[in-house]
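Undergrad: Below you'll find the structure I mean.
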Amino acid sequence: MLHRGDSVAQNRAHRAGRPPTGPPIAVDNPASDAVVGEVPDMPAEEVVQAVQRARRAQKGWAELDTRARSEFFKRGRRWLLTHRQEIADLIVEENGKTEEDAIVEIVYCASAFAYWAKRARSLLATTRIRSLSPFLLGRDMYTRRAPRGVVGVIGPWNNPLLNSFGDAIPALAAGNAVVLKPSEQTPLTALLMERMTRECGWPEDVFQVVTGAGATGSAVVDSVDFVMFTGSTRTGRLVAARAGERLIPCSLELGGKDALVVLADASLERAVNVTIQGALSNGGQMCTSVERVYVEEPVYDAYITLLHERFQQVTSGRPAGLGSVDVGAVTFPPQLAVMADHVRDAVHKGARVLVGGKAVEGPGRFFPPTLLVNVDHGMTCMREETFGPTLPVMKVADAEEALRLVNDSTYGLQASIIGSDVKRARRLAERFEVGCVTINDAQTNHMALGLPMGGWKESGLGVRHGAEGFHTYTRLQAITTNRFPMRRDMHMIPYNPSAYRFILRLVDAMYCTGLRGRNR
């Protein structure tokens, strides 16, 4: 049969002068177990060749004005929206998520094309620097941003477009070339984006996809100038260690055990709806998924009653178009065992399962939406990342207990608070040991491209989004110009005592006079 990805592999082989040599990796549909394609497991030498091609292409790409690069982004955005059904179908096919969740990825990337095309010029603009140092009189100073060169993006399987190609967009906007290594579980969407660049007439090799397993990813880290990695904390440590050995920077978005706190003054309707969306969208397979809930005692019973009722209304199964199911398949096979182990451990230690609790027999990989109560921090489901549609809910005496439990975690990616008193919620949010907090929402911050998003503790290093996220794809250069150079400055060797006495008097006049006045 003709596998998806074959035409892209053939095109790459034409450019490289020989076909990919790695053995094929089968790509299955998690909702049916059917093989839907295969891609080569590319060896290190082919990755090196791809990076070399990218390095050659990057020079011309960086020389383009930001407005010229934006024109290519406009073509990409039009292509993305014109082919949105094809893209959504492919994401659903290789990932197993619902079509609604696939649409979120497409909307994100369309927004990213528009946002970074508009913002790149100002974010790359030079910045004038002023100084009051007497040694710098007459100097003109500024900083500028330069692209890093070749950025390696290593993407996860849970969002094959949003967290893979989505991270390539700002890197490209900054003038870098990008080599994307998607997860071997879901590589086909990335290859479709490579097709997009060809059909939109992008410069050759500015964006390339290399497919393969762990060794292919290692070769990317060993070859590029910057690494953007999204994945597990365990693998993130390895990426950081290797990047450190090479003295190249990296940005890591890793695991999470994101908490949601329901305050006593919360609207229960809003609280329940946000909880279900935060816990079950994308099948709970996101690092920003709500994985534990703490509810203040006065509203716990009413909250659980309504949440239980709504959980029972959530549908799951094989996606078959818009509105067919709410929760799709489990993409990564080992996650089924993790979900089952967390539920089993909780029940063994006294938890009660209100909904779900056991994997569904195939074909396909499915774990139903699962609601747990009577839980505590002695249970694995409250401490380790589950990455699935399971939700443990714990009663707390008050917000202070919730705060202590939210911070009692090795992770610190994201958290949410539901409450009517926004000032109180903000004060509580600022005491959370996490990188992002949403109030009366969950996960919506990820669509705010101007707002930095990154984790504390073992949830990662660096940020994506915002000026801070964009600037990680650049190098900073500082330039100082002496506009009125004399033959010799007074501070130069050989030292002149009278010159330094004058400098001290000048410093005293500049800095000490005000201090004396305040001291009096």
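Undergrad: For the range 30-78, what are the residues that are not hydrophobic (A, V, I, L, M, F, W, C) and not in a helix (DSSP H, G or I)?
TA: Listed by number, the residues that qualify are Pro30, Ser32, Asp33, Gly37, Glu38, Pro40, Asp41, Pro43, Asp65.
Undergrad: Counting only residues that are surrounded by 12 or more Cβ atoms within 10 Å (Cβ to Cβ) and either in contact with a Phe, Trp or Tyr (Cβ under 8 Å, 6 or more places away or on another chain) or in a loop (DSSP other than H, G, I, E, B) (or both), how many does the range 322-361 have?
TA: The total comes to 22.
Undergrad: Here's another thing I want to ask about it. Give the residue, chosen from Arg487, Arg483, Arg424, that is loosely packed, with under 12 Cβ neighbours inside 10 Å, farther than 30 Å from Asp225 by Cα, in contact (Cβ under 8 Å) with a residue 60 or more places away in the chain and not aromatic (Phe, Trp, Tyr).
TA: Arg483
Undergrad: May I pose another question? Hey, can you tell me all the residues within the range 281-292 that are open to solvent by less than 10 Å² (accessible area, probe 1.4 Å) and of a type in the set (A, V, I, L, M)?
TA: If the condition is that a residue be open to solvent by less than 10 Å² (accessible area, probe 1.4 Å) and of a type in the set (A, V, I, L, M), then Val290 is the only one that fits.
Undergrad: Does the range 139-148 include one or more residues that are hydrophobic (A, V, I, L, M, F, W, C) and either surrounded by 15 or more Cβ atoms within 10 Å (Cβ to Cβ) or in a loop (DSSP other than H, G, I, E, B) (or both)?
TA: Checked against the condition, which is being hydrophobic (A, V, I, L, M, F, W, C) and either surrounded by 15 or more Cβ atoms within 10 Å (Cβ to Cβ) or in a loop (DSSP other than H, G, I, E, B) (or both), the range 139-148 yields no hits at all.
This table checks each residue for (1) open to solvent by 20 Å² or more (accessible area, probe 1.4 Å); (2) in a loop (DSSP other than H, G, I, E, B); (3) in contact (Cβ under 8 Å) with a residue 12 or more places away in the chain.
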| position | (1), (2), (3) |
| --- | --- |
| Gln208 | no, no, yes |
| Thr216 | no, no, yes |
| Val220 | no, no, yes |
| Ala241 | yes, no, no |
| Ile276 | yes, no, yes |
| Ala279 | no, no, yes |
| Tyr294 | no, no, yes |
| His308 | yes, no, yes |
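Undergrad: Additional query: Of the residues in the range 245-263, how many are at negative phi and without any contact (Cβ under 8 Å) to a residue 40 or more places away in the chain?
TA: Our first condition is that a residue be at negative phi; within the range 245-263, this holds for 245-246, 248-263.
Right, trim to without any contact (Cβ under 8 Å) to a residue 40 or more places away in the chain and you get 245-246, 248.
Within the range 245-263, residues that are at negative phi and without any contact (Cβ under 8 Å) to a residue 40 or more places away in the chain number 3.
Undergrad: In the range 256-274, how many residues are buried (at least 24 other Cβ atoms within 10 Å of the Cβ) and in a loop (DSSP other than H, G, I, E, B)?
TA: 2
Undergrad: Is it fair to say Arg198 is in contact (Cβ under 8 Å) with a residue 60 or more places away in the chain, more than 22 Å from Ala240 (Cβ to Cβ) and not in a helix (DSSP H, G or I)?
TA: no
The values are calculated or read from the model by the stated rules, or taken from the named source; none is laboratory data. Bear in mind that the values here come from a model prediction, so they are computed numbers and not experimental data. Every residue, glycine as well, gets a Cβ built from its backbone with ideal geometry; the counts of neighbours run over all protein chains shown. What goes into the accessible areas is simple: the full protein's heavy atoms, side chains included, and nothing from ligands, DNA or RNA. Shrake-Rupley method; radii C 1.70, N 1.55, O 1.52, S 1.80 Å.
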